[in-house]
1. Once both axes come from the Cα atoms, what is the angle between helix 51-60 and the longest principal axis of the chain, in degrees from 0 to 90, rounded to 10?
2. Run the simple label-point estimate for residue 105 and residue 21 please: 7 Å along Cα→C-beta, distance reported in nm.
3. So what's the back-of-envelope 222 nm ellipticity for the chain, counting only DSSP H runs of four-plus at -39500 (n - 2.57) apiece and dividing by all residues, rounded to 500?
4. Counting other C-beta atoms within 10 Å, and keeping those with at most 13, which DSSP coil GluC sites (Glu not before Pro) do you find in segment 1-95?
5. Taking the chain as the reference, fit the longest principal axis to its C-alpha atoms, fit the long axis of helix 87-119 to the helix C-alpha atoms, and give the angle between the two in degrees, 0 to 90, nearest 10.
6. Among 19, 86, 107, which one shows the highest mean-square fluctuation when the chain is modelled as a Gaussian network with alpha-carbon springs under 10 Å?
7. How big is D, in µm² s⁻¹, for segment 3-104 by Stokes-Einstein at 25 °C and 0.890 mPa s if Rh is the Kirkwood radius over C-alpha pairs?
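Every number in this text was worked out from the coordinates using simple rules, so none of it is lab data. Bear in mind the structure is a predicted one, so any value in this text is a computation, not a measurement. With ideal geometry, Cβ positions are generated from the backbone for all residues, glycine too; neighbour counts draw on all protein chains shown.
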Amino acid sequence: MNGDDFRRIALSFEGAEESSHMGAPDFRVQGKIFATLASQNQGYGNLKLTPEQQADFVRELPDVFLPIPGGWGKMGMTHIRLAAASEDVLTGALHTAWQLRMDKNTSTEKKKKSSFRSRR
């Protein structure tokens, strides 16, 4: 897989759009990032996962997934080695990141509505 494959798959999910964050391509749903190609030059795509999801991916396929170094990695940001990933693995990983973002967006929207109602 490569950056073009990452882009094609990321954009195949409902509501996904390409944008830019700090000069690097990112992929968003409802305005929120779920993946980036910020490390494409090093052969990686980046996924926004939970720390638990990240641990599962790394444990299952350590040759494909690794935490991003430092604090970002501790929060679940994960590299995927594009050349080592199959289409099925890349699709599944991107779908996981997209679904997490969709779930968070839904949760945030419910909280906003609940907060609005309680102020009335």
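1. The angle comes out at about 30 degrees.
2. Here the modelled spin labels are 1.4 nm apart.
3. Numbers: 4 runs with 55 residues, N = 120.
Helices in the chain give a 222 nm mean residue ellipticity of -14500 deg cm²/dmol.
4. On the way: sites: 14, 17, 18, 52, 60, 87; in loops: 14.
Filter output for segment 1-95: 14.
5. 20
6. Fluctuation is largest for 107.
7. Working: Rh = 13.1 Å.
Answer from the Stokes-Einstein relation: 187 µm²/s.
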